[in-house]
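J.: One structure, pasted below without further comment.
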Amino acid sequence: MTTAITNLVQTRIPTQYGEFVLHYFSNTLDDKEHIAFVFGDITHKAEVPVRIHSECFTGDVLGSRRCDCGDQLDRALQLISEHGFGVLIYLRQEGRGIGLLKKLQAYNLQDKGMDTVDANIHLGHLADEREYTIAALMLENLQVESIQLITNNPNKIEQLQSLDVNVEGRIAIEIESNCDNRAYLQTKAHKMDHLISKTKK
């Protein structure tokens, strides 16, 4: 069955980085609440700065230092504001797609010595189970012509291109590591080919 989305509600959200418009989408793939956070005029624009951010409750909401997700979310909003237009798509695929429960179980395995990839695999999952069909449909609905993807993940670029998203370039979003997430970032760089220069030294 072909996935379809509907842009149900748009509402103004003032933030420290300026005024965004939040678009709430329904879809036929899952029952999750995926949203697009739009800054400025993006209709029929090319090279729109776009961050596709997968939900991270511990990092985005609680400020966990185990990952760089919350800092990336904040930095992406700042980058979009500085460009004068752009989109942050927030996908509800927690824990690289394995869900909050499994992510927390993976954290416990990491505390026993596994890295983030091996922990996911030990729990019966892939290292990364995220997919971006809904994100591609949201960009089409918003009438974005082409994007500059705010990411360090080349696989995300490849997946979007396979979904006919015109990715014209990449905007790096590196966050300074700390003692709690340094090993996690090193694993993303070495095992998942993320373009994180600070951890490859």
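We did not get these values from a lab; they are worked out from the coordinates using the rules stated. Computed from a predicted model, the values in this text were never measured in an experiment. Positions of Cβ are generated from backbone atoms using ideal geometry, with glycine treated the same way; all protein chains shown enter the neighbour counts.
J.: Say the dipole of the range 67-201 comes from +1 at the beta carbon of Lys and Arg and -1 at that of Asp and Glu; which of His194, Asn108, Leu137 then lies farthest toward its positive end?
T.: Sorting the options by dipole projection puts first Asn108.
J.: Please give the charge dipole size of the chain, origin at the Cα centre, charges +1 on K and R Cβ atoms and -1 on D and E Cβ atoms. Round to the nearest 20 debye.
T.: Details: 21 positive and 28 negative charges, 119 e Å.
In total the dipole reaches around 580 debye.
J.: Rg/Rh for the range 1-131 to two decimals, with Rh computed the Kirkwood way over all alpha-carbon pairs. Don't skip to the end; give the middle numbers.
T.: On the way: Rg = 16.5 Å, Rh = 16.2 Å.
So for the range 1-131, dividing Rg by the Kirkwood Rh gives 1.02.
J.: Using the reciprocal of the averaged 1/r over all distinct C-alpha pairs, how large is the Kirkwood radius of the range 124-176 in Å?
T.: Numbers: mean 1/r = 0.0830 Å⁻¹.
It is 12.1 Å.
J.: Thr28 to Phe57: FRET efficiency via 1/(1 + (r/R0)^6), r the Cβ-Cβ distance, R0 25 Å, to the nearest 0.05?
T.: Working: r = 25 Å, r/R0 = 0.99.
According to the calculation, E is roughly 0.50.
J.: Under the 0.36 nm per residue contour assumption, what length would be gained going from the current alpha-carbon distance of Asp74 and Cys179 to full extension? Each step should come with its number before you reach the end.
T.: Values: separation 105, 0.36 × 105 = 37.80 nm, distance 2.01 nm.
Between Asp74 and Cys179, full extension yields 35.8 nm more.
J.: Would you calculate a helix-derived [θ] at 222 nm for the chain, using -39,500 (n - 2.57) for each DSSP H run of n ≥ 4 and dividing by the full residue count, to the nearest 500?
T.: -9000 deg cm²/dmol
J.: Under a Cβ-Cβ cut-off of 14 Å, what is the net charge of the residues other than Gly70 that fall near it, where Lys and Arg count +1 and Asp and Glu count -1? Kindly include the intermediate steps, with their values, before the conclusion.
T.: Numbers: positive: Arg51, Arg65, Arg66, Arg75; negative: Glu55, Asp60, Asp68, Asp71, Asp74, Glu94, Glu176, Asp180.
That sum, taken over residues with Cβ under 14 Å, equals -4.
J.: Would you compute, for the Cα atoms of the range 76-135, the largest minus smallest coordinate along each principal axis and list the three values in descending order, in whole Å?
T.: If we take the Cα atoms of the range 76-135, the spans are 44, 24, 16 Å.
J.: Let me ask another. Once both labels are modelled 7 Å past Cα along the beta-carbon direction, what's the Asp193-Tyr17 spacing in nm?
T.: Here the modelled spin labels are 2.8 nm apart.
J.: I've got another one for you. Restricting things to alpha carbons, tell me how big the range 102-201 is in terms of Rg and Dmax, in Å.
T.: 15.6, 47
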